[in-house]
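The values are calculated or read from the model by the stated rules, or taken from the named source; none is laboratory data. On a predicted model such as this, the values are computed, not experimentally measured, just so you know. Cβ coordinates were reconstructed from backbone atoms using ideal geometry, including for glycine residues, and neighbour counts include every protein chain displayed.
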Amino acid sequence: MNKLLPLLVFSVLLLIPAGAQNAFAQDSPDPSSMPPGAQPETTGDSTLTTSFTHVGNVAVATSTVAISNNVNFAGNFNLVIPAGSTVIQALMYTNSWTGGTATATVNAVNLGVPTTTTDPGLLNHITFRWDATAANPVNGLNPFTSVIGGGGSEPVYATLVVVYSNPANPNQQVIINDGTEILQNAGSTSVFNGVKAGAGTLEIVIGSGDAGSGSEEIRFNGVTLAGPGNIYNSGLGAFADAFQFPVPLVAGANSVDVITGPDVIVWPVTILTAPASIVGGEFLPIDSTALILAGLQSSAIWMLPVLAGAAGVGAFYIKTRMNKE
Ligand SMILES: [Ca+2]
Ligand SMILES: [Ca+2]
């Protein structure tokens with residue numbers, strides 16, 4: 001028996017903060033660069049979880065820049081954002097291997113106080129994440145600065161993730177999983193829930209990968225996308241890598257495995273763009289684990305963007321099937 005509970009929820013977009021964790025990496029599997037007493041975390045104990053899910057005519061633009069341990073750095077995020085787009089959310093990430101604090105600007109806008117996450121196995125490693133939406137990222141170059149202080153050191157990457165809407169986009173969902181996962185001789189699995197079967201795009205940012213080592217691999221739903229071999233190799237410069245893969249999606253949960261050998265890495269953010277949410281008038285499942293709807297904890301949550309009003313304000317029609325068949 002299914003019982004349908006309709007809800008009408010108005011929202012500019014669906015921003016679903018779940019239990020966010022952020023992850024980052026270290027510039028090397030070289031314990032000499034670790035703080036006294038700290039050891040490289042060797043297990044997949046801090047998997048990235050879904051922090052935000054956007055649904056609608058959305059897409060994502062990302063840019064990662066290698067920082068090479070400079071605690072006072074500047075650079076440019078180079079984004080590809082089509083004309084006619086509206087920025088919905090921007091997030092900037094960077095890291096420190098030794099605690100401390102961080103400030104940042106994008107397009108000369110001070111981003112304020114970041115949220116932070118750590119890996120339980122290496123608490124001195126901090127991932128800083130700023131809401132950079134107010135910096136209004138644009139197509140092309142977006143200058144940024146960051147200063148790591150308070151004893152922090154060894155930032156290895158800076159990443160800007162921009163979710164934008166554009167009428168030319170298909171109806172999609174952009175799922176952002178983040179946190180702080182440090183790995184050595186280990187792998188970690190991050191899961192995207194509520195996905196519709198079809199073709200998607202997976203993005204992965206890795207810090208602290210060195211040109212050496214092997215046994216490094218990326219898998220999606222158990223299928224190898226890269227490696228095994230040396231794939232975290234400071235491809236963007238010391239010490240950052242970014243990957244983008246087309247991926248076949250299955251309905252429901254889809255998983256990405258990041259695996260490393262002796263090379264210590266940090267994994268702070270991974271993003272899946274997938275088709276959403278309506279086909280043939282049927283409601284397709286949205287990330288039910290990330291949805292926080294007061295009192296609605298059912299087996300499945302169905303959602304339909306209903307209309308778009310002025311200034312891009314959208315409406316979402318949400319139904320919940322309370323009882324399993
Ligand atoms: Ca870990
Ligand atoms: Ca490597």
remark   = Note: among A74, A102, just one is touching a residue at least 60 places away in the same chain (Cβ under 8 Å), in a strand (DSSP E or B) and in contact with a Ser or Thr (Cβ under 7 Å, 6 or more places away or on another chain), namely A74
N185 vs. criteria within 16 Å of ligand 1 (Cβ to nearest atom), within 18 Å of N76 (Cα to Cα) and not basic (K, R) = no
inquiry  = Criterion first (under 20 Å from I176 (Cβ atoms), among the polar types (S, T, N, Q) and surrounded by fewer than 22 Cβ atoms within 10 Å (Cβ to Cβ)) does T270 satisfy it?
reply    = no
message = Among (1) surrounded by fewer than 21 Cβ atoms within 10 Å (Cβ to Cβ); (2) under 11 Å from the mean Cα position of the chain (by Cα), there is one condition A197 misses while meeting the rest; what is its number?
response = (2)
ask   = What pairs can you find where one residue is in the stretch 239-252 and touching a residue at least 40 places away in the same chain (Cβ under 8 Å) and loosely packed, with under 14 Cβ neighbours inside 10 Å, the other is aromatic (F, W, Y) and assigned to a loop (DSSP other than H, G, I, E, B), and their Cβ atoms are less than 7 Å apart, with a gap of 6+ or different chains?
value = none
query = From the set of residues in the stretch 63-97 that are aromatic (F, W, Y) and buried (at least 23 other Cβ atoms within 10 Å of the Cβ), which is modelled with the lowest pLDDT?
reply = W97
key: Sole residue being within 18 Å of the chain's Cα centre (by Cα), modelled with pLDDT of 95 or more and within 16 Å of ligand 1 (Cβ to nearest atom), chosen from T270, T260   = T270
query = Are any residues in the stretch 212-250 modelled with pLDDT under 95 and either within 16 Å of ligand 1 (Cβ to nearest atom) or at negative phi (or both), and if so, which ones?
reply = G212, G214
message = Suppose the filter is in contact (Cβ under 8 Å) with a residue 24 or more places away in the chain, closer than 30 Å to T43 by Cβ and outside any strand (DSSP E or B); does G151 pass it?
response = yes
remark   = Residue set A66, A102, A108; condition within 16 Å of ligand 2 (Cβ to nearest atom) and over 16 Å from L272 (Cα atoms); output residue A66
